[in-house]
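The values are calculated or read from the model by the stated rules, or taken from the named source; none is laboratory data. These figures come from a predicted structure and were not determined experimentally. Positions of Cβ are backbone-derived with ideal geometry, glycine not excepted, and every protein chain shown enters the neighbour counts. For accessibility, only protein heavy atoms count, side chains too; no ligands or nucleic acids. Shrake-Rupley method; radii C 1.70, N 1.55, O 1.52, S 1.80 Å.
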Amino acid sequence: MNIQPLLDALDLQEDATRAMADELHAQIDNLQTRLREAQTHMEHLAITRKTITGLADRLPAVALDLPEHPDYPRILTAFNHATGPLRAKDVCEALGHQLLPKNVEGTRAKLKRLVKLGILIEADTGNFARKQ
């Protein structure tokens with residue numbers, strides 16, 4: 001019995017498998033290099049974030065150009081303490097004003113002015129929030 005044809009076929013399969021393994025090793029090396037680069041980039045981004053947030057406290061506060069009425073800084077304080085949008089009535093209460101229609105409407109006008117100045121947004125009709 002001549003087994004040479006079987007050995008030749010086995011040699012061909014071994015060569016093909018060896019070539020495939022070499023190609024896979026090259027792909028793995030390439031992927032490992034790309035993974036290391038991505039991890040390094042993520043570390044750099046984390047360092048950048050930490051640096052920026054650490055410096056943010058040292059930056060001077062930008063003074064807002066508010067209209068000259070004593071309620072405006074108090075209105076912004078109310079929004080700084082709020083956990084969500086506020087209505088004119090809520091702001092009136094925060095300012096300690098009586099909930100009379102003239103006070104609510106006056107406050108609503110101030111809120112609308114802060115929207116026009118780009119300090120607040122009107123999330124929904126009548127619901128105001130601090131611009132992010």
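Residues with amide H under 5 Å of ASN127's amide H, sequence separation 5 or more or different chain, H placed in the peptide plane at 1.01 Å from N; which?
Residues meeting the amide H criterion: none.
Which distance in nm do the two modelled labels at GLU23 and GLU93 give, with both placed 7 Å along the Cα-to-Cβ direction?
7.1 nm
Straight distance only, please: which lysines reach the Cα of LYS131 with their own Cα at less than 18 Å, same-chain residues fewer than 8 apart left out?
Output for LYS131: LYS110, LYS112, LYS116.
Which entry in [x] 111, 35, 21; [y] 43, 37, 25; [z] 46, 29, 27 matches Cα extents along the principal axes in Å derived from the coordinates of this structure?
Only one listed value fits the structure, namely [x].
Can you give the accessible area of HIS25, probe radius 1.4 Å, in Å² rounded to 10?
Approximately 110 Å² for this residue.
What 222 nm value per residue comes from the helices of the chain, counting each DSSP H run with n ≥ 4 as -39,500 (n - 2.57) and dividing by all residues, nearest 500 deg cm²/dmol?
Values: 4 runs with 88 residues, N = 132.
Using -39500 (n - 2.57) per qualifying helix, the result is -23500 deg cm²/dmol.
Going by average Cβ density within 10 Å per residue, which order do the peptides 64-74, 12-22 take, highest to lowest?
My ranking of the peptides, most packed first, is 64-74, 12-22.
Could you give the length gained on full extension between ALA82 and THR48, defined as 0.36 nm per residue of separation minus the Cα-Cα distance, in nm?
Here the segment from ALA82 to THR48 would lengthen by 9.2 nm.
With a 1.4 Å probe and every protein chain kept in, tell me what percent of the accessible surface of the chain is carbon plus sulfur.
Taking all protein chains in place, the chain shows 57 percent carbon and sulfur surface.
Given +1 on the Cβ of Lys and Arg, -1 on the Cβ of Asp and Glu, and no further charges, what dipole in debye does the chain carry about its Cα centre, rounded to the nearest 20?
Value, rounded to 20: 1680 debye.
In Å², and per residue, what accessible area does the chain have when probed at 1.4 Å with the other protein chains present?
Spelled out: the 1.4 Å probe surface of the chain, per residue, equals 80 Å².
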